[in-house]
Amino acid sequence: MPLLVIGVGNDFRGDDAAGLLAARRLRACRGVRAVEHTTDGLSLMDHWRPTDRVVVVDALSSGHAPGTVFRFEATEGPIPGDAGWISSHSPGVAEGIETARVLGRLPASLTVYGIEAGRVDPGRALTAAVAAAVDEVVLSILDETG
Amino acid sequence: MSKVRTITVNALARVEGEGGLKVRVRAGKVQEVRLDIYEPPRFFEAFLKGRTLGEAPDLTARICGICPVAYQMSSVHAMEAACGAEPGPRVRALRRLLYCGEWIESHVLHAAMLHAPDFLGYESALHMAKDHPGAVTLSLRLKKAGNEIVTAVGGREIHPVNVRVGGFWRAPSPSELAPLVPKLETARGEAVELLRWASTFTFPDLDLHHELVSLRHPSEYPLNEGRIVSSEGLDIAASEWERHFEEEHVPRSNALHARRKGGGIIQTGPLARYSLNFDRLPAAIQAAAQEAGLGKECRNPFKSILVRCVETLWAIDEALAILRSYEPPEPSFVDVVPREAVGAAATEAPRGLLFHRYRIGGDGLIKEARIVPPTAQNLRAMEADLRGFVQNHLDVAEERLTLLCEQVVRNHDPCISCATHFLQLKIERD
């Protein structure tokens, strides 16, 4: 069964596009099914079935250096809700995953990559540090496909 | 003894956008109520100037991620009014279908995820989900049904790309829309269940008499066309909005406050639509509303959750009726020839009346734009609701009163992002 990669973000908000770009890079890779998610976190669980192995990639803002990569195993414990997942007003990735946990709708495995954003101003391109972090996350996900 | 109490909420949760709230009570009287809207101004009306009229639906959709279809609908109707274009009944039906999808999605998000936790004493839908997994699961499915309509007709879930002045870029085929029917038939049962669940909540007393304002259509529940009517007997064409209503700047707010000329407080949105158009609801929906404890008129903003559930049910039935008789518009749009003119339109966004007016040139460029979102029309009503509610509940302890004040604001499902050109709570007591 392919690894389901869900890239989360907004193409028009600079580094917030990081998750989407990672999913696009993986779209043609063997062993991967990549989807882009641009709406609220509560509908994340609609992408997976109980037996799926899932990777979610999103930008976050926690005050660390731009491009810093965080990796969480969501099936092992709660996603830190205070990690500053970027979402304009609507429920984000952490809320979506924790709601899925409460409802018993987590997949077999769920890894979350968070990429620390630099700039998320409207209309901006990715910053160099975040572009490099996208490369790093893509390679790391490909390692997981074996 | 003079005692000042101050209730302060610096950042309101479970509303769309950024704002705060402050209530000041002195010697047992509410002295000041203010909704501070500090979300930065958006300048949409300014940057529409000089763009082509065809860009308005895509640009204005970006005002809101919850109700982009409303902006698209008001803008295309206004442009078509300006240019004298009439896209015909099939385009009209497809637009109504798309709009129903947005009503379902927006109403269920607010009723189940943002508003219901208030009545059950939870901090958020996530906390509520632990004890009410069935209701949350059902609501997520219901919301998804709305999303799927928007995706099928509009091309994607948010900020749809298929709407254009004159119609649609491409009309979906009947076979593309057919899978929506069984999903909506299931959703209908879920909407009835959601309404029954909400009807078991306890509703604080609050009976308000703002002037209710909504669209009214000769035969339909209001959605994308009709005259603007009010509980005070107003009955005008949409194009006459500016003759009867005005907006003012208030220093605490990056949103304009709208009111009836002459000073009256107005209220738009589900309570207004329902109270002014109960007779336009099909008998089955009327019966469901009455079974849930609603009368023919609803003046208690806490019960707006029930009205949103009723309107969700209506939108599902309307969408099903459109789908069952769907014939694609051919062509999918009519040509709209620019002319020097002014065009105005109002449609019913989930949160209420959304007025757009554009002045366009013979070159097809927008010379002037005016957009009045429902939240801007409801800000004065929200402040008045807070004033009335706090005055009647001065004996309630601070922490509880603060929560109730937030709920008073959430009753209106304010979209601060839309209105900013808005929420946090501060209650000060002397």
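The values are calculated or read from the model by the stated rules, or taken from the named source; none is laboratory data. This one's a predicted model, so the numbers in the text were calculated from it and none came from an experiment. Here Cβ is always computed from backbone atoms with ideal geometry, including for glycine, and neighbour counts include all displayed protein chains.
For the residues B:Gly88, B:Gly84, B:Gly154, B:Gly134, the requirement of being touching a Pro at 6+ places or on another chain (Cβ under 6 Å) and either within 13 Å of chain A (Cβ to nearest Cβ) or under 27 Å from B:Ala238 (Cβ atoms) (or both) singles out B:Gly154.
Each row is one residue, and each column tells you yes or no for (1) within 16 Å of the chain's Cα centre (by Cα); (2) surrounded by fewer than 18 Cβ atoms within 10 Å (Cβ to Cβ); (3) of a type in the set (S, T, N, Q).
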| position | (1), (2), (3) |
| --- | --- |
| B:Ala321 | no, yes, no |
| B:Phe333 | no, no, no |
| B:Arg351 | yes, no, no |
| B:Lys367 | no, yes, no |
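Filtered by the rule that a residue be hydrophobic (A, V, I, L, M, F, W, C) and either within 12 Å of chain A (Cβ to nearest Cβ) or farther than 24 Å from A:Asp11 by Cβ (or both), the stretch B:138-151 gives B:Leu138, B:Leu140, B:Leu142, B:Ala145, B:Val150.
Checked against the criterion of being of a type outside the set (S, T, N, Q) and under 20 Å from B:Gly361 (Cα atoms), the candidates B:Leu98, B:Leu53 yield just one match: B:Leu53.
So that you can scan it fast, the table gives a plain yes or no per residue for (1) out of contact with any helix residue (DSSP H, G or I) (no Cβ under 9 Å at 6 or more places or on another chain); (2) over 13 Å from A:Gly19 (Cα atoms); (3) not aliphatic (A, V, I, L, M):
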| position | (1), (2), (3) |
| --- | --- |
| A:Glu95 | no, yes, yes |
| A:Gly104 | no, yes, yes |
| A:Pro107 | no, yes, yes |
| A:Tyr113 | no, no, yes |
| A:Ala125 | no, yes, no |
| A:Glu136 | yes, no, yes |
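With respect to the stated conditions, B:Ile149 fails to be under 19 Å from B:Cys67 (Cα atoms), modelled with pLDDT under 95 and aliphatic (A, V, I, L, M). A count restricted to the stretch A:51-64 and to residues that are part of a loop (DSSP other than H, G, I, E, B) and modelled with pLDDT of 95 or more stands at 2. Of all residues in the stretch B:214-245, how many are surrounded by fewer than 16 Cβ atoms within 10 Å (Cβ to Cβ), touching a strand residue (DSSP E or B) at 6+ places or on another chain (Cβ under 8 Å) and either under 18 Å from B:Val372 (Cβ atoms) or polar (S, T, N, Q) (or both)? So the count comes out to 6. Residue count for the stretch B:295-313 under the criterion of being over 19 Å from B:Val408 (Cα atoms) and either touching a His at 6+ places or on another chain (Cβ under 7 Å) or buried (at least 20 other Cβ atoms within 10 Å of the Cβ) (or both): the result is 4. Scanning the stretch A:30-57 for residues that are touching a helix residue (DSSP H, G or I) at 6+ places or on another chain (Cβ under 9 Å), more than 14 Å from every other protein chain (Cβ to nearest Cβ) and surrounded by fewer than 16 Cβ atoms within 10 Å (Cβ to Cβ) turns up A:Arg30, A:Gly31. Any residue at all in the stretch B:213-231 that's modelled with pLDDT under 95 and in a strand (DSSP E or B)? No, the conditions are met nowhere in the stretch B:213-231. Among residues belonging to the stretch B:89-110 that are of a type in the set (Gly, Ala, Ser) and at pLDDT 95 or above, point out the one that is nearest to the chain's Cα centre (by Cα). Checked the stretch B:89-110; the qualifying residue nearest to the chain's Cα centre (by Cα) is B:Gly101. Restricted to the stretch B:40-89, the set of helices (runs of 4 or more DSSP H) holding at least 1 residues that are charged (D, E, K, R) and either surrounded by fewer than 21 Cβ atoms within 10 Å (Cβ to Cβ) or touching a helix residue (DSSP H, G or I) at 6+ places or on another chain (Cβ under 8 Å) (or both) comprises B:44-48, B:56-61.
Candidates in the stretch A:58-74 are the residues that are in contact with a helix residue (DSSP H, G or I) (Cβ under 9 Å, 6 or more places away or on another chain) and exposed (fewer than 15 other Cβ atoms within 10 Å of the Cβ); of these, the one that is farthest from the other protein chains (Cβ to nearest Cβ) is A:Ala65. Here B:Ile285 clears all of (1) among the hydrophobic types (A, V, I, L, M, F, W, C); (2) crowded, with 18+ Cβ neighbours inside 10 Å; (3) not in a helix (DSSP H, G or I) except the condition numbered (3). Scanning the stretch B:355-367 finds no residues that are under 30 Å from B:Glu211 (Cβ atoms) and acidic (Asp, Glu). Among the residues of the stretch B:259-282, those that are among the small types (Gly, Ala, Ser) and crowded, with 19+ Cβ neighbours inside 10 Å comprise B:Gly269, B:Ala272, B:Ser275. Of the residues screened, B:Asn254 is not one that is surrounded by fewer than 23 Cβ atoms within 10 Å (Cβ to Cβ) and at pLDDT 95 or above.
Residues are listed down the side, and each one gets a yes or a no for (1) at pLDDT 85 or above; (2) on the phi < 0 side of the Ramachandran plot; (3) away from chain B (no Cβ under 13 Å); (4) surrounded by fewer than 16 Cβ atoms within 10 Å (Cβ to Cβ):
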| site | (1), (2), (3), (4) |
| --- | --- |
| A:Trp85 | no, yes, yes, no |
| A:Arg101 | yes, yes, no, no |
| A:Gly104 | yes, no, no, yes |
| A:Pro107 | yes, yes, yes, no |
| A:Thr111 | yes, yes, yes, no |
| A:Glu116 | yes, yes, yes, no |
| A:Gly123 | no, no, no, yes |
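Considering (1) under 30 Å from B:Val396 (Cα atoms); (2) out of contact with any helix residue (DSSP H, G or I) (no Cβ under 9 Å at 6 or more places or on another chain); (3) modelled with pLDDT of 80 or more, the lone condition that B:Lys29 does not fulfil carries the number (2). Of all positions in the stretch B:301-324, none carries a residue that is at negative phi and part of a loop (DSSP other than H, G, I, E, B).
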